[in-house]
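K.L.:
Have a look at the structure that comes next, please.
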Amino acid sequence: MPGILYLDVGNTRIKWRWVLPEQTLSGVQEYLVEDAHLDLLCVDVASPEKIWVSCVAGKLISQKIVDLFQNRWGLTTKFAITGKSWGKLVNGYTIPESLGVDRWLALVAASDICSGGCVVVDAGTVISCDLLLNTGLYSGGMLIPGLQILAGVFENRVPHLGCIEHFDAEFPGTSTQQAISLGVSMSTLGSINYFVKRASEMMNKQPRVLITGGDAQWISEQLDFQSTCVENLVLDGLELYERSVA
């Protein structure tokens, strides 16, 4: 029962899913791109039949993963790439292949879930908002810094103001830390709310909103509209992608 191993390699975490005939195992490993130690990645996985990867962490990390699995199992790692289309999904980017493969795979999964168009929010290190029309056209998106990046700007540039421990500050902030926390959270939520508002105007209806990524649950609970959390949308899309090219 070798199964297929799927990996979603982001900028700070690697999510993996090992799909076997009768069960599915999964895990997460945090890492630093600039100092990546991947020797323990997927140590609970026996030799799979295939390995498919979505990677946005750069060529160095991609090569480390290739070498790791080649040395461990003698297997060639296959990487998903962004395409011009997938089924009824059409990539509307001016240069289609320049769209991040994680965003493309999330759209692949979303197109399988939503028949009437939707907004896809991936709340990771960088937050992406992408608009999928009911025609199947991916019409474009928005990228903003994630919560931790915004908080890190304060910590790196004005460290004497202290570190932000959470983003649940009440309005208005009654301490410097609360004020920073409120500013970070309002900047993030305001941007996403605005994107969905503009998408609603463009579609002449309130679109369904799918949210994935590490901060998905918190963001979903704070937004002005109803949304659905999907835990591993990129891995779901990677599975669909693999099946289509197998």
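K.L.:
Is at least one residue of the range 178-195 outside the structural domain of Gln29 (by TED's automatic domain parsing), closer than 26 Å to Asp112 by Cβ and touching a residue at least 40 places away in the same chain (Cβ under 8 Å)?
P.N.:
yes
K.L.:
Quick check on this structure: which one of Ser111, Ser181 is modelled with pLDDT of 90 or more and hydroxyl-bearing (Ser, Thr, Tyr)? Spell out how you get there, then give the answer.
P.N.:
Values: Ser181 fails: modelled with pLDDT of 90 or more.
Testing whether each residue is modelled with pLDDT of 90 or more and hydroxyl-bearing (Ser, Thr, Tyr) leaves just Ser111.
K.L.:
Then there's this: So, in the range 137-158, of the ones that are crowded, with 18+ Cβ neighbours inside 10 Å and within 13 Å of Arg103 (Cα to Cα), which residue ends up nearest to the chain's Cα centre (by Cα)?
P.N.:
Here the residue is Gly141.
K.L.:
Answer yes or no as to whether Asp102 is within 16 Å of the chain's Cα centre (by Cα), buried (at least 17 other Cβ atoms within 10 Å of the Cβ) and assigned by TED's automatic domain parsing to the domain that holds Gly213. Step through it out loud before you land on a result.
P.N.:
Details: within 16 Å of the chain's Cα centre (by Cα): yes; buried (at least 17 other Cβ atoms within 10 Å of the Cβ): yes; assigned by TED's automatic domain parsing to the domain that holds Gly213: yes.
Spelling it out, Asp102 is indeed within 16 Å of the chain's Cα centre (by Cα), buried (at least 17 other Cβ atoms within 10 Å of the Cβ) and assigned by TED's automatic domain parsing to the domain that holds Gly213.
K.L.:
What number of residues in the range 190-207 are in a loop (DSSP other than H, G, I, E, B), within 13 Å of Phe225 (Cβ to Cβ) and out of contact with any helix residue (DSSP H, G or I) (no Cβ under 8 Å at 6 or more places or on another chain)?
P.N.:
Step one: filter the range 190-207 for residues in a loop (DSSP other than H, G, I, E, B), giving 204-207.
From what is left, the residues that are within 13 Å of Phe225 (Cβ to Cβ) are 205-207.
Filter once more, so that each one left must be out of contact with any helix residue (DSSP H, G or I) (no Cβ under 8 Å at 6 or more places or on another chain): 205.
Selection size over the range 190-207: 1.
K.L.:
Moving on. Of all residues in the range 38-94, which are over 20 Å from the mean Cα position of the chain (by Cα) and among the hydroxyl-bearing types (Ser, Thr, Tyr)?
P.N.:
Ser47, Thr76, Thr77, Thr94
K.L.:
Now, a different point. Of the residues Leu210, Leu240, which is assigned to a helix (DSSP H, G or I), closer than 30 Å to Val108 by Cβ, touching a residue at least 60 places away in the same chain (Cβ under 8 Å) and touching a helix residue (DSSP H, G or I) at 6+ places or on another chain (Cβ under 7 Å)?
P.N.:
Numbers: Leu210 fails: assigned to a helix (DSSP H, G or I).
Unique residue meeting the criteria: Leu240.
K.L.:
Out of the residues in the range 117-136 meeting the condition of being among the β-branched types (Val, Ile, Thr) and in a strand (DSSP E or B), tell me which one is surrounded by the fewest Cβ atoms within 10 Å (Cβ to Cβ).
P.N.:
In the first step, residues of the range 117-136 are kept if they are among the β-branched types (Val, Ile, Thr); the result is 119-121, 125-127, 135.
With the extra rule that they be in a strand (DSSP E or B), the set shrinks to 119-121, 126-127.
Numbers: Val119: 27, Val120: 28, Val121: 29, Val126: 18, Ile127: 25.
Only one residue fits best here, namely Val126.
K.L.:
Restricting attention to the range 200-219, report how many residues are polar (S, T, N, Q) and under 13 Å from Val120 (Cβ atoms).
P.N.:
First, the residues of the range 200-219 that are polar (S, T, N, Q): 200, 204, 206, 212, 217.
Restricting the remaining residues to those that are under 13 Å from Val120 (Cβ atoms) gives 212.
Matching residues across the range 200-219 total 1.
K.L.:
Let me ask you something else. Can you give me the number of residues within the range 16-30 that are surrounded by 20 or more Cβ atoms within 10 Å (Cβ to Cβ) and under 21 Å from Asp215 (Cβ atoms)?
P.N.:
So the first thing to find is which residues in the range 16-30 are surrounded by 20 or more Cβ atoms within 10 Å (Cβ to Cβ), and the list is 16-18.
Next, from what is left, pick out any that are under 21 Å from Asp215 (Cβ atoms): 16-17.
Here the count works out to 2.
K.L.:
Here is a follow-up. Going through Thr76, Thr82 one at a time, which residue ends up being part of a loop (DSSP other than H, G, I, E, B) and surrounded by fewer than 16 Cβ atoms within 10 Å (Cβ to Cβ)?
P.N.:
Numbers: Thr82 fails: surrounded by fewer than 16 Cβ atoms within 10 Å (Cβ to Cβ).
Going through Thr76, Thr82 in turn, just one is part of a loop (DSSP other than H, G, I, E, B) and surrounded by fewer than 16 Cβ atoms within 10 Å (Cβ to Cβ): Thr76.
The values are calculated or read from the model by the stated rules, or taken from the named source; none is laboratory data. Model, not experiment: these values are computed from the prediction. Because the Cβ atoms are built from the backbone with ideal geometry, glycine has one as well, and the counts that use them run over all protein chains shown.
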